[in-house]
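Just below is one structure, and these are the notes that go with it.
Values in this text are rule-based calculations from the coordinates and carry no lab data. Since the structure is predicted, the reported quantities are computational estimates derived from the model, not experimental observations. Cβ: placed from backbone, ideal geometry, glycine included. Neighbour counts: every protein chain shown.
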Amino acid sequence: MKICVYCASSERIDKSYIEAGERLGEKLAQNDHTLIFGAGKFGLMGAVARGVRRNGGRAIGIIPRFFDTIDVMFTDCEIIKTDTMRERKLIMEDESDAFVMMPGGIGTFEEFFEILTLKQLGRHKKPIAVYNINGYFEKLFDFLDYSVGESFMSGEVKSLCYVSSDLDDIFEYLDRPVADTYNKYDFLEEKDG
């Protein structure tokens, strides 16, 4: 299975996040999964890729060409270069069989919410897991609950991803057969049919 990992490229994060990223990479390799990632060598991106490669696993990094002018690319993997960030995300989405979000900043959030939105709209049925290291995502999911309470989104949206701080649980979820998922516009298809 090709698993896309969205995560931070920051080098300033606590060492516990880096260690968790390396463990995720090790587990990807041990389970014969391929890592799809943003090709960064720093932060969690680099940690996951190092974990994969140290254990003989395959990694595919996808990176826009404008990063060629700065030394940020993890080079011990297959590299696909794109012209834009949008093209990068599209290839990551299309090439992947599943997605894992680890802690990160606005880029990570943006990638996660796009893939979650696409699942909500029925554009894919791929598993999405959130690796909640150190409770990092608690406030984010509190806010999503608030959004549900204010009727800006359905509570069923949260069923489109699996949240856990346990890496074994994450991999068990990713390996399950894909169940039918919530589609925001199912009710329209029922009327038209």
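Sorting Phe141, Phe112, Phe152 from the fewest to the most surrounding beta carbons within 10 angstrom yields Phe152, Phe141, Phe112.
Under the Kirkwood approximation for Rh and a Cα-based Rg, what ratio Rg/Rh is obtained for the range 2-192? Present the calculation step by step, with values, prior to reporting the outcome.
On the way: Rg = 16.6 Å, Rh = 17.1 Å.
Using only Cα positions, Rg/Rh for the range 2-192 is 0.97.
Computed from backbone phi with θ = phi - 60° and the Karplus coefficients 6.51, -1.76 and 1.60, the 3J(HN,Hα) list for the range 133-150 is 5, 6, x, 3, 9, 4, 5, 4, 6, 4, 5, 4, 4, 4, 4, 4, x, 8 Hz; x is used for glycine and proline. Comparing Gly105, Gly57, Gly25 in a Gaussian network model of the chain where C-alpha atoms under 10 Å apart are linked, the largest mean-square fluctuation is found at Gly105.
For a modelled paramagnetic label at Asp94, 7 Å from Cα along Cα-to-Cβ, the residues of the range 66-81 in reach, with backbone nitrogen under 14 Å, are 80-81.
If r is the Cβ-Cβ distance from Ser154 to Glu11 and R0 is 30 Å, what FRET efficiency results, to the nearest 0.05? It comes to 0.20. Note on Lys2: lysines with a C-alpha under 21 Å away, same-chain residues under 8 apart excluded, are Lys27, Lys41, Lys81, Lys89, Lys119, Lys125, Lys126.
Translational D (Stokes-Einstein, µm²/s) of the range 117-166 at 37 °C and 0.692 mPa s when Rh comes from the Kirkwood sum over C-alpha pairs? Don't skip to the end; give the middle numbers.
Details: Rh = 11.8 Å.
This corresponds to a translational diffusion coefficient of 279 µm²/s.
Taking the beta-carbon count within 10 Å as an exposure proxy, list Asp97, Asp142 from fewest neighbours to most.
On the way: Asp97 16, Asp142 10.
Taking fewest neighbouring Cβ atoms as first place, the list is Asp142, Asp97.
For the chain, DSSP calls about 5 percent of its internal beta bridges antiparallel. A Gaussian network model of the chain, with springs between Cα atoms under 10 Å, assigns the largest mean-square fluctuation among Val100, Val178, Val157 to Val178. In terms of surrounding Cβ atoms within a 10 Å radius of their Cβ, Arg53, Arg88 rank from fewest to most as Arg53, Arg88.
Extent of the range 49-106 along its three principal axes (Cα atoms, max minus min coordinate, largest first): 31, 25, 22 Å.
Here the Gaussian network model covers the chain, with springs between Cα atoms less than 10 Å apart; of Ile60, Ile13, Ile106, Ile106 fluctuates the most.
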